[in-house]
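The values are calculated or read from the model by the stated rules, or taken from the named source; none is laboratory data. The model shown is predicted, which means the values in this text are computed figures rather than measured ones. All Cβ positions, even for glycine, are placed from backbone atoms using ideal geometry, and neighbour counts span all protein chains on display. Ligands, DNA and RNA are stripped out before the accessible areas are found, and what is left, the full protein with its side chains, is counted by its heavy atoms. Shrake-Rupley method; radii C 1.70, N 1.55, O 1.52, S 1.80 Å.
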Amino acid sequence: MHTQVGIIGAGPAGLMLAHLLHLQGIESIIIESRTRSQIEGTIRAGVLEQGTVDLMNEAGVGERMMREGHFHQGIELRFNGKGHRINIHELTGGKNVTVYAQHEVIKDLVAARLKAGGEIIFNVGDVSLHDLDTSVPKIRFRKDKSGELQEITCDFIAGCDGFHGPSRASIPGSILKEYQKVYPFGWLGILIEAPPSAPELIYANHERGFALLSTRSPEIQRLYIQVDPGDDIASWSDDRIWTELHARLETNDGWKLIEGPIIQKGIIGMRSFVCHPMQYGRLFLAGDAAHIVPPTGAKGLNLAIADVRVLERGLAVFYTSGQTEQLESYSATCLRRVWKAERFSWYMTSMLHRHYDHTAFEHRLQLAELDYVTSSRAASTSLAENYVGLPMEW
Ligand code: FAD
Ligand code: DHB
């Protein structure tokens, strides 16, 4: 098999890249280790930046998102039993927070790829990358995990295979530099069958730990609480989860959290991670394969989309003019944006979570930060413009 761009991974990065390349007349093949129903059923991100929404629309894959997504003009920061609204729409000159689940984005992108006759090979195994420093890099894999070894020769390989995929590991250790911070807490996320308890997202700082109230639809809500990352989900009964949510989200003005049956629950760890460079020879890393943010800033999926936008532009210039300057600056261009999102995600995480080694002094500083960011227009504007997404070209 031969293709222009071999893409490893059918997450938001790989699928969006294949679609954008198709619009430029550039062919690609995606290989994915999971099945279609697995990728379309995994519950992850929920918040899309304005730039992601605009790109989905420009690329012709935003129709269902515009119909079924939820467009919020602000978010609430809750602390000391009181809610403080950040008016994102007003502070950013009209931008919105869009809540539309990652697996819905995946479904829309898979449907667009298949409709255009694009190839996605699901359920592959034993994926390996070869000859990355030549002009004919290769991907080897087994169909259905254990079939015969197959090879795709490509002009370029896009490593969009998430944090644990083989792409980043194919860059020689002498070239790769990794920056990492692992947080001493995780998020327990649940989906519930209930109407929304609030019109916008609520991020709560409480002495028992962080809590987040989000939504999915008029009937399904998404909530998170800070837990120990080593906790076994079995030790979190529904009653225990509700007790924590009520305590952490409580206000002194009579606001009520609406309960409902918990239909899904799981725990994720939290880390910040960036690798330099994001390119080696003909291999380009995009999304979680190159960087991870803690979810508090809602940035991971959006960064993945921003990376592939830059890559698509570089590849389009290469295929129309043969010029490589833009491809050569891919890593530096992406990393400028990545580090700003890393900073914001670390900032939101630090401000909102209970740090077990914090003294009363540090907790007071956290509350002062929250007070400042919700009462100073300059500070609120800074939070708002980062939350809604910095311009793609920054
Ligand atoms: P992935 O989505 O990880 O896709 C990689 C794909 O590669 C996967 O399908 C995987 O199966 C495949 N793969 C792996 N290994 C191989 C292999 N060997 N061969 C072939 N395929 C392989 N981000 C936001 O922007 N907003 C949010 O609100 C938000 N909330 C989040 C909440 C939670 C609970 C979590 C867990 C994450 C959240 N994120 C959020 C982060 C976001 O989900 C990720 O950043 C995003 O999925 C990254 O996309 P990706 O395409 O780079 O990687
Ligand atoms: C959701 C996830 C996030 O990480 C976040 O910051 C806000 C909302 C969500 O899943 O809805």
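Give the residue that is nearest to Gly51 (Cα to Cα), with candidates limited to residues of region 264-303 that are within 14 Å of ligand 2 (Cβ to nearest atom), of a type outside the set (A, V, I, L, M) and in a loop (DSSP other than H, G, I, E, B). Applying the filter and picking the extreme gives Lys299. For region 199-218, the candidate set comprises residues that are in contact with a strand residue (DSSP E or B) (Cβ under 6 Å, 6 or more places away or on another chain) and away from ligand 1 (no atom under 12 Å from the Cβ); within that set, the residue that is most open to solvent (accessible area, probe 1.4 Å) is Glu200.
Screening Asp161, Asp144, Asp133 for residues that are surrounded by fewer than 19 Cβ atoms within 10 Å (Cβ to Cβ), part of a loop (DSSP other than H, G, I, E, B) and in contact with a Gly (Cβ under 6 Å, 6 or more places away or on another chain) leaves exactly one candidate, Asp133. A single member of Glu76, Glu104, Glu90 is within 21 Å of the chain's Cα centre (by Cα), over 30 Å from Ala169 (Cβ atoms) and not in a strand (DSSP E or B), and it is Glu104.
One residue is enough: does region 73-96 have a residue meeting the conditions open to solvent by less than 20 Å² (accessible area, probe 1.4 Å), over 27 Å from Phe141 (Cα atoms), within 13 Å of ligand 1 (Cβ to nearest atom) and touching a helix residue (DSSP H, G or I) at 6+ places or on another chain (Cβ under 7 Å)? Among the residues of region 73-96, at least one is open to solvent by less than 20 Å² (accessible area, probe 1.4 Å), over 27 Å from Phe141 (Cα atoms), within 13 Å of ligand 1 (Cβ to nearest atom) and touching a helix residue (DSSP H, G or I) at 6+ places or on another chain (Cβ under 7 Å), which makes the answer yes.
Being crowded, with 19+ Cβ neighbours inside 10 Å and without any contact (Cβ under 8 Å) to a residue 24 or more places away in the chain is a property that Thr333 has. Filtered by the rule that a residue be assigned to a helix (DSSP H, G or I) and of a type in the set (A, V, I, L, M), region 48-73 gives Val53, Leu55, Met56, Met65, Met66.
Checked against the criterion of being assigned by TED's automatic domain parsing to the domain that holds Val293, more than 13 Å from ligand 1 (Cβ to nearest atom), open to solvent by less than 40 Å² (accessible area, probe 1.4 Å) and in contact (Cβ under 8 Å) with a residue 12 or more places away in the chain, the candidates Leu48, Leu21 yield just one match: Leu21. Screening Arg36 on (1) open to solvent by less than 40 Å² (accessible area, probe 1.4 Å); (2) out of contact with any Gly (no Cβ under 9 Å at 6 or more places or on another chain) shows it passes everything except condition (1).
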